[in-house]
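Structure first, then comments.
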Amino acid sequence: MAHHLQILSENGNSLSEEYPDLKDFCTQEPFALVRTESRVELRQLDGDRACLYVDFLSGPLGYRRLHGGGAGQAVVKAVCSRSRSTPQVIDATAGMGRDAFVLATQGCHVLMFERNPVVRILLADGLERAYRDPEIGSMLRENLVLSPLCSIMEVTEEKCCDTVYLDPMFPVRKSSALVKKDMRIFHQIVGIDEDSNMLLEQALRLAKCRVAVKRPKGAPFLGGISTPNCVETKSHRFDLYHP
Ligand SMILES: C[S@@+](CC[C@H](N)C(=O)[O-])C[C@H]1O[C@@H](n2cnc3c(N)ncnc32)[C@H](O)[C@@H]1O
């Protein structure tokens, strides 16, 4: 059964009219997008009652900024070539903006694209809050920007950035205890990206230096296009293509 996404203020008033893009957004389980005094969050109304929001300032991303591996992190190694340590990056599948944030804190100028309207609202809200932070707000305003376009498929200018980063959705084992509750609801909202093969072709048109594609370890190459170059972690592989 399909459920219309509810859009509410914290005291339960409908805010549907303020979010026309979500008018027809349906999910298999009931969810509400709730605007509280401090943030916008997606709440699962049944089951785990998990809650999803973007937080660049505290939580795992705040910790990672202060204590993560800096330039040694796999995503940074995958995206930044030695000759250009702070490239202009397009993150074509921004999602909750975690990878893009890591890249931005390492000095990359990241332009994010996200097409799912719920995820876009969560991302824009997290970004707005982070822009106001006295410590990292001005760096983020410079380095981490959400494109008004939803997809790189709409970009016509070729060779407009150094690197394009792709991290399309991959099917998850729903029952796996290893998949955190918030990520399970993220997968319910976004589904599987069936058309990600086309993204690689377009990414190769837009990138001057490289395209980096994140895949789960053991997954086939995106679009069946193989490359011998990759950066590996315990659970993932970043395949590197040179246009
Ligand atoms: C696995 S998530 C990305 C997670 C992200 N790397 C992070 O660190 O939070 C994939 C995201 O890409 C988005 N997406 C997939 N194909 C897209 C496309 N063609 N254009 C824009 N966004 C796309 C999906 O809506 C989803 O939010």
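None of the figures in this text is laboratory data; all of them are computed from the coordinates on show. Model, not experiment: these values are computed from the prediction. Positions of Cβ are generated from backbone atoms using ideal geometry, with glycine treated the same way; all protein chains shown enter the neighbour counts.
For a modelled paramagnetic label at Ser9, 7 Å from Cα along Cα-to-Cβ, the residues of segment 29-68 in reach, with backbone nitrogen under 11 Å, are 35-37. Helix-only arithmetic for the chain: the sum of -39500 (n - 2.57) across DSSP H runs with n ≥ 4, divided by the residue total, places the mean residue ellipticity at 222 nm at -8000 deg cm²/dmol.
Of all DSSP beta bridges confined to the chain, the antiparallel ones make up roughly 50%. Residue separation of Glu201 and Arg141 scaled by 0.36 nm, minus their Cα-Cα distance, works out to 18.7 nm of gained length. Karplus-based coupling profile of segment 35-47, in residue order and whole Hz: 9, 8, 5, 9, 6, 9, 9, 9, 10, 7, 8, 10, x, with θ = phi - 60° in 6.51 cos²θ - 1.76 cosθ + 1.60 and x standing for Gly or Pro. Within the shell defined by Cβ-Cβ distances under 11 Å, the residues around Ser9 carry a net charge of -2, with Lys and Arg each +1 and Asp and Glu each -1. For segment 88-104 versus segment 181-233, the inter-centroid distance based on Cα atoms is 13 Å.
Per the Cα gyration tensor, the chain maps to an equivalent ellipsoid with semi-axes of 29, 21, 18 Å, ordered largest to smallest. Amide H to amide H, with H built 1.01 Å from N, Ala207 comes under 5 Å of Lys159, counting only residues 5 or more places away or on other chains. Phi angles of segment 93-98 translate, via the Karplus equation with coefficients 6.51, -1.76, 1.60 and θ = phi - 60°, into HN-Hα couplings of 9, 5, x, 8, x, 5 Hz per residue; Gly and Pro are given as x. Largest first, the extents of the alpha carbon coordinates of segment 129-243 on the three principal axes equal 40, 35, 26 Å.
Going 7 Å from the Cα of Lys217 in the Cα-to-Cβ direction, what parts of segment 79-101 have a backbone nitrogen less than 14 Å from that spot? No residue qualifies, since no backbone N sits under 14 Å from the label point.
Close amide H pairs (under 5 Å, H built 1.01 Å from N) link His236 with Lys217, residues at least 5 positions away or on another chain. Sorting 228-239, 15-26 by their mean Cβ neighbour count within 10 Å, with the most densely packed peptide first, gives 228-239, 15-26. Dividing the Cα radius of gyration of segment 134-173 by 2.2 N^0.38 Å, with N the residue count, gives 1.62.
Ser226 to Thr86: FRET efficiency via 1/(1 + (r/R0)^6), r the Cβ-Cβ distance, R0 25 Å, to the nearest 0.05? Computed FRET efficiency for Ser226 and Thr86 comes out at 0.30.
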